[in-house]
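In what follows, a single structure is set out as structure tokens and then discussed.
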Amino acid sequence: MAKLRFELTHQRGEFVLNAAATLPEAGVTMLFGPSGSGKSTLLMALAGLLHGEGVVAHGDQCWQASARRCFVPPHRRPLSVVFQDGRLFEHMSVEENLRFAWQHGHGATPIAWDVVVDGLGIAPWLKRRPQQLSGGQRQRVALARGLLVRPAWLFLDEPLSALDAPARSEILALLEGLKADLELPMLWVTHSIEEVERLGDQVVFMDSGQLQPPQSLQAAIRQPGTPLFREEAPVALLTGTVSVPCDGYGLSQLQLGESRLFAHAVTAPIGTNVRLRVPAASVTLSRAPLEETSALNQLPAQVMSLGEVQGHQQLVTLALADGQTLLAQVTRRSLQMLDLQPGEQIWAVIKAVSVL
């Protein structure tokens, strides 16, 4: 895999796109910003479907260099684009749509037919026509077709925005299962925090045609001043490994290094990595483990930094034993009572955790 580097400008009326970045060659990069910020325009320019000015390079391959009159047309770029409306061939069956992509694809990534078809659960619909499918089913087929091109990069332009919440959640769950198997870099355009938290590895913020440098999701979600931090209360995202899918109490047991965490039961098998969401407001701090408490989750941690949130609230950044970062939002009074200092050991008592 190769990094995607670009410096592009494009003007349409009063709107001016001025974007430059280098995207990592692995994981899902979320292009996040409000409607009208230029996300789709940038995606189309990178795909060659819109002719901006500047440079686009995939590794050492030139896709566009305006000064050298280099421009690789869209069909020759080893990428695939999935749009929010699917854009399936209506005169073909589902299988014919997929076979067309498979036979005319780039072959840049070793993706197996069965992994995609079974992973997205579309085998029962192979003989149907697109007009016989629901919106969620059509979009799953569109995603499968985009993957079966076997591109070097998969671009997704708000692929779930036209779906209702149940269909969107179902597809996100399927993609989470496929993500580890594919090893395919993706650029995903969205303004949905849920999509960012569930699938993102890196985030690029965009507003009014301007980009911020790419940063890891973990950094973006806890950094004051970023759009994700502004749009919701402080939150930490953790990764746990399923050790007990269901313990008889309707709970799953997850391992975070040597520590154990309880969460609502998941269907994932033992050994599966799952992403966990822990609001900072649901974490309290104690100098010692609590006894005779209803809180099931207590993790040892080290205080990394202290910062303000708003009003009389303080944000404490904690390092867990396995190196992951947890946030705790406490009052100034609580912080003063504990007399916390960076570097000290503390116990994080987690009152609420959800599996994404």
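A few notes on this one:
- DSSP beta bridges confined to the chain are antiparallel in about 80 percent of cases.
- Exposure proxy for Leu163, Leu184: other Cβ atoms within 10 Å of each Cβ, ordered fewest to most, give Leu163, Leu184.
- The simple spin-label model puts a point 7 Å past each Cα toward its Cβ; for Ala352 and Gln223 those points are separated by 2.7 nm.
- Percentage, to the nearest whole number, of Cα pairs in region 1-51 over 17 Å apart: 38
- Candidate values (i) 21, 39, 26, 13, 3; (ii) 26, 37, 29, 8, 0; (iii) 27, 52, 20, 1, label of the one derived for P(r) over Cα pairs in 20 Å bins from 0, in percent: (iii)
- Fewest-first ranking of Glu176, Glu195, Glu158, using other Cβ atoms within 10 Å as the exposure measure: Glu176, Glu158, Glu195
- Sparsely packed trypsin sites (Lys or Arg not before Pro) within region 289-353, loop by DSSP, other Cβ within 10 Å at most 15: Lys351
- For region 83-174, applying the loop criterion from DSSP together with a ceiling of 16 other beta carbons within 10 Å to the chymotrypsin sites (Phe, Trp or Tyr not before Pro) yields Phe89.
- Contact order relative to length of the chain, as percent, for alpha carbon pairs under 8 angstrom and 6 or more apart: 15
- Percent breakdown of C-alpha pair distances by 10 Å bin, ordered from the shortest bin, for region 235-354: 14, 46, 30, 10, 1
- Cα gyration tensor category, rounded, prolate or oblate, for region 145-304 with a/c compared to 1.5: oblate
- Sorted ascending by nearby beta carbons within 10 Å, beginning with the fewest, Leu42, Leu356, Leu23 become Leu356, Leu23, Leu42.
- Loop-located GluC sites (Glu not before Pro) in region 1-37 (DSSP state not H, G, I, E or B) with no more than 13 neighbouring Cβ atoms inside 10 Å: Glu14.
- C-alpha center-to-center spacing [region 262-291, region 19-78] in angstrom: 39
- Relative packing of 255-264, 64-73, which averages over residues the other C-beta atoms within 10 Å, highest first: 255-264, 64-73
- For the listed residue pairs Lys3/Lys39; Lys39/Lys127; Lys3/Lys179, the alpha carbons are over 27 angstrom apart in Lys39/Lys127.
- Subtracting the Cα-Cα distance of Arg69 and Arg87 from their residue separation scaled by 0.36 nm leaves 3.4 nm.
- Among Gly323, Gly136, Gly177, residue whose mean-square fluctuation peaks in a GNM of the chain (springs only between Cα atoms under 10 Å): Gly323
- Of Thr226, Thr190, Thr109, the one that fluctuates the most in a GNM where the chain has Cα springs shorter than 10 Å: Thr226
- Cα centroid of region 197-231 to Cα centroid of region 131-171, whole Å: 23
- Springs between Cα atoms under 10 Å define the GNM used for the chain, and in it the highest mean-square fluctuation of Arg128, Arg99, Arg12 occurs at Arg12.
Laboratory data are not the source of any read-out in this text; all were calculated from the coordinates shown. Keep in mind the model is a prediction, meaning the values are calculated, not measured. In this analysis, Cβ positions are derived from the backbone assuming ideal geometry, glycine residues included, and neighbour counts consider all displayed protein chains.
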